[in-house]
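Below: the structure, in structure tokens.
Bear in mind these aren't lab numbers, they're just calculated from the coordinates by the rules spelled out. These figures come from a predicted structure and were not determined experimentally. Positions of Cβ are generated from backbone atoms using ideal geometry, with glycine treated the same way; all protein chains shown enter the neighbour counts.
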Amino acid sequence: MNPDGNPEGGAYFEGVEHGVWGRMRTVGRVWHGDKAGFYDGAVSPAVESPASRCLELRLEGRRVLPSQWGLGSSDFAGFAGWGGVAQGTAWLHERLAEAPQAPALVLAVGECVARALPTAARVTIQGRAPLSGLLASGQVGGALGTHLAAHADFIGLRGRCELSGAVLRMRPDTGVELLERPRLAGASPRETARALFEEFASPAILCIGPAGERGVPFASLAAGVESPSFVGRGGLGASFAALGLKALVIEAHQDFQGVAGEAEELIRLLTRSPRLRARARGGTFELFGALSARGGLRAAEGDRALSCDEAQELFDQAREQRVEFKGCRGCPTPCGWVFDRPDGPRQGARFSASRALGTELGLACFEDSLELLSVCDELAIDAREAGAVLALIIDAREEGRLEGAALRGNLEELRSELFRLVHEESAPGRGGASRLASTLGLSASVASRTAQSVREDSNLAILLGQCVSGGGVDPMRSFPFLTELGGRDRIEAVTGLPIPAGGEDPLTTTAKGRLVVWCENVIAAIDASGFCAFSAVGLLSDGVLSLEELARRILPVRIREETGPGWNGWPLSERLMALGANLILLQRRIDDLLGGRGGPPPFARTLLEARGMLPEYRLVRGFDDEGDAPPRFGSMEVWSRERVRWLEVASSEAEREAPSPGAEDGPNGPRAPGSITLRSSGALAEILGRECFLRARLPLPLGQVVRALSDENSRATRWLFSGKEILPGFWRDGVRLREGSPVASGDVLEVVLAISGG
């Protein structure tokens, strides 16, 4: 044992240099909202400046060189005080403008993390994606966020170190050092985290596994120790490995305190949301019911849609195996599930990963998808991209395009194929599904954009959102939630902006471009704050908070109180939109630096080129306004221009009342006694029963059916209505009904209350 307590030798004993960036201790810190930060009693003026909490760590061989970074007089000077994500993205732009291919990665936290708000524990991680060559952005929770916030708003990592099993350690005494841990080379994330936790007693650990070390372009990052969380669609694990690092450990003296009463109020609000209560009961696996209702899941046989009954069976299997819930700090409605495994440690899982590794690969048992997920986590590869690769290999072998054993439904062969992807450089699919599809001549039939697999979906806002999303395809950021609200009036009430008839219908192309713009801006702003996007969507969707009320709680103080040119008179909701619009524009600029995104992906080109889809999105964003002077970063101008374009589109002659091809409004035919069947999943099934029958004189408009259902079951009322607004979606034969849609005797309706993404 060395004198400093490090069993393998630390920086002071291996010639590895370290650095100290100044006095930034966390003991006894209290949040001071008026100064937008944490300060000790004897804080120096240098620490109070916004730049003092922006840290650049340059890796050189066996050294780490820390320095403070500031916006100065750059194009991004307006981001001062906007929080770590905005400033960290500006830092990344600066680095990539200098050297687009050089290793650079930023980890940032928003102001809500530092304020210790419930559910606000997110770290935003951004870098160049090896899979696409463009920007990749992801969020991860756990202790990493609170520990990082104790040191800085963001840390920017650049350069490369040359150590075996290199560990970058941020000490609680403000020092930073590089440590060599050769025994960690090749270790799984769980093994790495356990070893580092035993050594440093800090749970704030970020690390890679074998996939990142071997350069797999869809390698992921793991955060935490037991049941770690994974992040990194696009290959952020490979970006981390390009820095020469195996792990990052952040130590802090103690967590900080939030403002008294602020957390309690927010917890009360969160528990008032029916969608969040439903997600707490069903986790992200509530999406089994939501997607099967519109025919959005594939059965194990591969040639038909998964039925609602089959989806319910998979949900029941997951619920039976669940042993605990997992959520962000202080969240009263945790959505993560952790499962017992027969021959291994407990396994965390979410719907999107389980779906990619389940029936899509011919596996009809939930336990089998957990087994494949455990392999992905052991190797630290993105489960969704790995699942897309395996699904393509299955189809290619069945069509005779690739040689090899039959894979569909063959758990052992699928496990072996995952190990091959990581350990054999010549393995088919090692470069991702899109590149494999190109090799096989199947690009036009594979759902992907910029080399990253996407989810095919009948909801056209979701399809467009994935194909334009800055930072890659993310389970919340790229899944617009407005079309889940059900009604045009409700969407206009939430956004404060007009949409035409049909815009609320997820199956039409009408107005999807502007809805995606709005959702992108809101989610980008929420992510920048560090607050949980799922929680925010639940609060907005259920009318618990308006956008103005949400903005008052999560906006950075600097933006909330800004009175400079261009800001006076704008409400907080519009300022929140401005924060998001600025970040989306900056992400677009980074993609331009890295070579741009190209045209619409072939698999959905016809749909995307429809007037209300990509052309409208580009119009509202102003991407084609070459003659206009670009807006200033850090200003209201970015969003105010988009808002004007939205209103111009809304007032155009071609906009007027386009009919929706969905179900017609109004009752159809004379009424007579009859009955309908209502089938529910997730939390609603606990209230209404998996299947219930409603007898009435039919046909009736859907709105009257829902009110009759509420009259028969008073316990269900708070799950069915927010004021007079209907909360769940009602689906018939894969089509979502409107409030005025006729419901006839014999109809079978699927009732869905869920949050998109996860």
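Data table
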item	result
Spacing of the two label points (7 Å from each Cα toward its C-beta) at Glu265 and Asp711, in nm	4.0
Per-residue Cβ neighbour rank within 10 angstrom, fewest leading, Val522, Val706, Val225	Val225, Val706, Val522
Additional length obtainable on full extension of the chain from Arg183 to Ser307, 0.36 nm per residue less Cα span	39.8 nm
Label point distance in nm, Arg341-Thr606, each placed 7 Å from Cα along Cα→Cβ	4.3
Computed label-point distance, nm, for sites Arg690 and Asp75 using a 7 Å Cα→Cβ extension	5.7
Potential extension, Phe721-Arg322 segment - 0.36 nm per residue separation minus Cα distance	140.7 nm
Mean-position separation - Cα centroids, the range 277-345 and the range 498-548, in angstrom	24
Mean separation of Cα contacts under 8 Å (6+ apart) over length of the chain, as relative contact order %	14
Phi to ³J(HN,Hα) by Karplus 6.51 cos²θ - 1.76 cosθ + 1.60 over the range 739-756, Hz, x for Gly, Pro	4, x, 5, x, 10, 10, 4, x, 5, 10, 10, 8, 9, 10, 10, 8, 9, 4
Theoretical gain in end-to-end length, Thr439 to Ala406 [0.36 nm per residue, Cα-Cα removed]	9.9 nm
Globularity ratio of the chain, using Cα Rg and 2.2 N^0.38 Å	0.93
Residues Leu65 and Thr563, FRET efficiency given R0 of 30 Å [Cβ-Cβ distance, rounded to 0.05]	0.20
Sequence-distant residues sharing a close amide H with Val216 (under 5 Å, placed H)	none
Whole-Hz ³J(HN,Hα) from phi, Karplus 6.51 cos²θ - 1.76 cosθ + 1.60, for the range 308-319, glycine and proline x	5, 5, 5, 5, 5, 5, 5, 4, 4, 4, 5, 5
Calculated from backbone phi, Karplus (6.51, -1.76, 1.60) coupling profile of the range 502-507 in Hz, x at Gly/Pro	x, x, 7, 7, x, 8
Net charge over other residues, Cβ less than 11 angstrom from the Cβ of Leu135 (K, R count +1; D, E count -1)	+2
Set of the range 552-575 residues, backbone N closer than 18 Å to the point 7 Å along the Cα-Cβ line of Arg632	558-570, 575
Surrounding net charge for Ala683, when Lys and Arg each add one and Asp and Glu each subtract one, Cβ distance under 11 Å	+2
Gyration tensor (alpha-carbon) shape descriptor, the range 672-752, a/c threshold 1.5	rounded
The chain - mean residue ellipticity at 222 nm from DSSP helices (-39,500 (n - 2.57) per run, n ≥ 4, rounded to 500)	-11000 deg cm²/dmol
Surrounding net charge for Gly237, when Lys and Arg each add one and Asp and Glu each subtract one, Cβ distance under 10 Å	-2
The range 270-441: proportion of alpha-carbon pairs further apart than 24 angstrom, %	39
